[in-house]
Amino acid sequence: MKKILVAILSVFMLTTCGSSDKKDKKTESIQEENIVVEEATYVKTLDYKKFIKNVWDIESYPDSVAYKGKLPCVIDFYADWCGPCKKIAPIMEDIAREYDGKIIVYKVNVDKELKLSTVFKIKNIPTVFFFPIEGQPLSQVGGLSKEEYISIINKYLIN
C-alpha cells in the first residue's frame, strides 16, 4: 500500500512541478491541451557580447560609461534560484511591455555571465541598473514594487 501511495505521489509531483523559467527568445510556445499559444517576452537577455554591442563597450571605454543605446535601458541582474529575483521578473516584463519603444529592459543571469557580474561588482541580487542616454547609470539593490521602479524610470530615464 505504501509503495502504491509513493508511486502516485511521485507521478503527481512530476506532473505538477514545472519550470517557470522564461525562454530567452522573442516568443515562447506553451502547450495547453494540444493548442500552441505564442507568448511575447519583452525583456531581452544580455550576455557579454550583446552587452558590448548594445549597451557599453567596456573593453574600449573601461573607465567611463559610453552608453551605446538609442533608448534608455534597465538591466536586471538576477539568478534563477533567487526568490526576490523571481518576484520582480514579472514586474520587469510588465514594465518592458508598457514602456516598449521608450526604454529597453534587459536581464543578465549572474551565474552565467560572471564577467559582467564582476564588472558591475554585483554582490547582492537582484541589482537593477538604470542607464540614461547620457550620464551615469543608477543602481538599485533589492527588489522594489512595480510603482517604485516606474517612479525611478519616469524620473531618471524619461524626462
- Query: Mind checking which residues of region 56-86 are surrounded by 12 or more Cβ atoms within 10 Å (Cβ to Cβ) and either among the basic types (Lys, Arg) or on the phi > 0 side of the Ramachandran plot (or both)?
  - Reply: 68, 86
- Considering only region 54-83, how many residues are in contact with a helix residue (DSSP H, G or I) (Cβ under 8 Å, 6 or more places away or on another chain) and of a type in the set (S, T, N, Q)? 0
- Output the number of the condition that residue 108 fails; it satisfies all remaining conditions of (1) surrounded by 15 or more Cβ atoms within 10 Å (Cβ to Cβ); (2) in a helix (DSSP H, G or I); (3) in contact with a helix residue (DSSP H, G or I) (Cβ under 6 Å, 6 or more places away or on another chain). (2)
- Message: Kindly evaluate residue 140 against the criterion of being touching a strand residue (DSSP E or B) at 6+ places or on another chain (Cβ under 6 Å) and polar (S, T, N, Q).
- Response: yes
- Query: Taking region 124-159, which residues are charged (D, E, K, R) and free of Cβ contacts under 8 Å to residues at least 24 places away in the same chain?
  - Reply: 147, 148, 155
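Residue by residue, here is whether (1) part of a loop (DSSP other than H, G, I, E, B); (2) of a type in the set (A, V, I, L, M, F, W, C) holds:
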position: 42; (1), (2): yes, no
position: 49; (1), (2): no, no
position: 52; (1), (2): no, yes
position: 58; (1), (2): yes, yes
position: 61; (1), (2): yes, no
position: 71; (1), (2): yes, yes
position: 76; (1), (2): no, no
position: 81; (1), (2): yes, yes
- Residues of region 117-159 being exposed (fewer than 14 other Cβ atoms within 10 Å of the Cβ) and either among the aliphatic types (A, V, I, L, M) or part of a loop (DSSP other than H, G, I, E, B) (or both), which ones? 121, 123, 124, 133, 134, 135, 136, 141, 142, 145, 158, 159
- Task: Give region 92-102 a look and list any residue that's surrounded by 21 or more Cβ atoms within 10 Å (Cβ to Cβ) and in contact with a helix residue (DSSP H, G or I) (Cβ under 7 Å, 6 or more places away or on another chain), or say none.
- Result: 95
- Task: From 101, 83, 18, grab the single residue that is more than 23 Å from residue 139 (Cβ to Cβ) and either in the same structural domain as residue 141 (by TED's automatic domain parsing) or modelled with pLDDT of 85 or more (or both).
- Result: 101
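The values are calculated or read from the model by the stated rules, or taken from the named source; none is laboratory data. Predicted model only: the values in this text are computed from it and were never measured. Cβ sites come from the backbone with ideal geometry, for glycine too, and all protein chains shown count toward neighbours.
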